[in-house]
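The structure appears below as structure tokens.
The values are calculated or read from the model by the stated rules, or taken from the named source; none is laboratory data. Everything quoted here is computed from the prediction, not taken from an experiment. All Cβ positions, even for glycine, are placed from backbone atoms using ideal geometry, and neighbour counts span all protein chains on display.
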Amino acid sequence: MGKRIYIFMIMALLYLPVAIVIIYSFNASKSGAVWTGFTLDWYSAAARDGRLIDSLLMSLEIAFFTCIISCVLGTMGAVGAARMRPRAKQAASLFMYISLIIPEIILGVALLMFFSVLNVRYGVMTMVLSHTTFCVPYVFIMVSIRLRAVDPSFIEAARDLGAKPFKAFASITLPIIMPAIASGALISMAMSLDDVVISSLVSGPQSVTLPMRIYSMLRLGVTPEINALSTVLVFVMFMLVGLLQFVQAGRRSERAAKKEARNA
């Protein structure tokens, strides 16, 4: 009984604020504290707000490129580190973990100074590079953990049968680490869509992301329009997580079916 109460309290702490935002996105009143009735007007108002839509498209564009680049670099780094000597592998993992605990404000200032020294124009490119900087370690760590399930003897057997290194990687290693890559891609996209601190330091005048737009609007108070847009983003992320879980469950079922067929 005590465990159930503890789990319930944790779930309430995590999701109750989100549930309040979702509920009050349907509130007919502009006030966030008084419920006056049910309405969908705030969703249509958010859809008609050109600034919000432009910021949303900008955030999605940056998150998409960040996700692709982070997955490629993180996967390549994890695969390369797995082939290193133990001390070098441990050092690479240590540097990746350190990059996760660096405060965002410090990382943002460092990136700001870096781009200033290189005289790079601030905009989408600087934001993608900055987001990639703090997203790569997540992909690296998740893929590294998944690589432990790869049996080196399988790769050696494939090489002995004449498979080239890339063919052996694509046929054996890649299918095993694909769930980790997908999870890393989802985390990278979520982190990119959520970032405010670093984005505000390295963004240009024409590259305002949705979190930055919402943050500027919050200075005037929370409105149901912001709640409506936040609700849409929450449901999109839930759908992505559900899709990822569905794909992974299908692959597990497929592997179980193949294993039963071999045993039969």
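Before moving on, here are some points about what is shown:
- Across segment 202-235, the qualifying residues are those that are touching a helix residue (DSSP H, G or I) at 6+ places or on another chain (Cβ under 9 Å) and surrounded by fewer than 13 Cβ atoms within 10 Å (Cβ to Cβ), and the one among them that is modelled with the lowest pLDDT is Leu218.
- So Ser44, is it under 30 Å from Thr231 (Cα atoms) and among the hydroxyl-bearing types (Ser, Thr, Tyr): yes
- Complete set of residues in segment 151-168 that are in a helix (DSSP H, G or I), surrounded by fewer than 16 Cβ atoms within 10 Å (Cβ to Cβ) and not basic (Lys, Arg): Pro152, Ser153, Phe154, Glu156, Ala157, Asp160, Pro165, Phe166
- Subset of segment 101-112 [free of Cβ contacts under 8 Å to residues at least 40 places away in the same chain and part of a helix (DSSP H, G or I)]: Ile101, Ile106, Ala110
- Residue check for Ile62: farther than 30 Å from Pro152 by Cβ, of a type outside the set (Asp, Glu), at pLDDT 85 or above and touching a Ser or Thr at 6+ places or on another chain (Cβ under 7 Å): yes
- Of all residues making up segment 1-42, the number that are in a loop (DSSP other than H, G, I, E, B), touching a residue at least 12 places away in the same chain (Cβ under 8 Å) and of a type in the set (A, V, I, L, M): 2
- Residue that is surrounded by the fewest Cβ atoms within 10 Å (Cβ to Cβ) [pool: residues in segment 97-150 that are at pLDDT below 85 and within 18 Å of Cys67 (Cβ to Cβ)]: Leu100
- Scanning segment 43-94 for residues that are of a type outside the set (A, V, I, L, M), exposed (fewer than 14 other Cβ atoms within 10 Å of the Cβ) and outside any helix (DSSP H, G or I) yields Arg83, Arg85.
- Odd one out for Ala88, checked against (1) touching a Gly at 6+ places or on another chain (Cβ under 7 Å); (2) of a type in the set (Gly, Ala, Ser); (3) free of Cβ contacts under 8 Å to residues at least 40 places away in the same chain: (1)
- Hits in segment 113-126 (condition: part of a helix (DSSP H, G or I) and either under 16 Å from Ala190 (Cβ atoms) or aromatic (Phe, Trp, Tyr) (or both)): Phe114, Phe115
- Flag for Ile172 being buried (at least 16 other Cβ atoms within 10 Å of the Cβ) and modelled with pLDDT under 85: yes
- Per the listing Val196, Val139, Val120, Val124, the residue uniquely of a type in the set (Val, Ile, Thr), within 30 Å of Val232 (Cα to Cα) and without any contact (Cβ under 8 Å) to a residue 24 or more places away in the chain is Val196.
- Checking Phe115, Phe134, Phe169 one by one, the residue that is within 18 Å of the chain's Cα centre (by Cα), in contact (Cβ under 8 Å) with a residue 24 or more places away in the chain and on the phi < 0 side of the Ramachandran plot is Phe134 and no other.
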